[in-house]
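Note sheet for the following structure.
The values are calculated or read from the model by the stated rules, or taken from the named source; none is laboratory data. Bear in mind the structure is a predicted one, so any value in this text is a computation, not a measurement. Cβ placement follows ideal geometry from the backbone for every residue including glycine, while neighbour counts extend to all protein chains displayed. Keep in mind that these areas ignore ligands, DNA and RNA; they rest on the heavy atoms of the full protein, side chains included. Shrake-Rupley method; radii C 1.70, N 1.55, O 1.52, S 1.80 Å.
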Amino acid sequence: MSWNYRVAKKCITVDILKDEVTGEVVDSYSEDNFGICEVYYNDEGKITSTTERFIEPCGETLEELKWCFEKMKKAFELPVIDLDNIVYVEY
């Protein structure tokens, strides 16, 4: 199994109006959001899973943070993954 960081997009729906009496959504809009996620692959290079939420660079030391950031920068060289339409395979 291997993994890397990838740029991913997912559609977010935002409720913009609610009926004050019933609390029901009266109107909403959707927009694409982009972020970085971890992607895990099986031995054939097929995607088996991703992180559910977008992540940010972090580390317990400055060097770990730099390493994470450099790995994330490489994600921009790969195709964007559409999380709304991805088909996962079994590990």
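Out of 33, 42, 4, report the one residue that is open to solvent by less than 90 Å² (accessible area, probe 1.4 Å), closer than 16 Å to residue 81 by Cβ and touching a helix residue (DSSP H, G or I) at 6+ places or on another chain (Cβ under 8 Å).
Selected residue: 4, the only one of 33, 42, 4 that is open to solvent by less than 90 Å² (accessible area, probe 1.4 Å), closer than 16 Å to residue 81 by Cβ and touching a helix residue (DSSP H, G or I) at 6+ places or on another chain (Cβ under 8 Å).
List the strands (runs of 3 or more DSSP E) inside the stretch 1-58, counting only whole elements, that have at least 3 residues being within 28 Å of residue 89 (Cβ to Cβ) and touching a Ser or Thr at 6+ places or on another chain (Cβ under 6 Å).
25-41
Given 60, 52, which one is open to solvent by 100 Å² or more (accessible area, probe 1.4 Å), modelled with pLDDT of 95 or more and either over 26 Å from residue 12 (Cα atoms) or under 16 Å from the mean Cα position of the chain (by Cα) (or both)?
Exactly one residue qualifies, and that residue is 60.
Assess whether residue 90 counts as being free of Cβ contacts under 8 Å to residues at least 40 places away in the same chain and open to solvent by 80 Å² or more (accessible area, probe 1.4 Å).
Here the answer is no, as residue 90 does not meet what is asked.
Going by the conditions given, is residue 21 of a type outside the set (Asp, Glu) and farther than 24 Å from residue 86 by Cα?
Yes, satisfied.
Restrict the check to the stretch 73-82 and report whether at least one residue is surrounded by 10 or more Cβ atoms within 10 Å (Cβ to Cβ) and aromatic (Phe, Trp, Tyr).
There is at least one residue in the stretch 73-82 that is surrounded by 10 or more Cβ atoms within 10 Å (Cβ to Cβ) and aromatic (Phe, Trp, Tyr).
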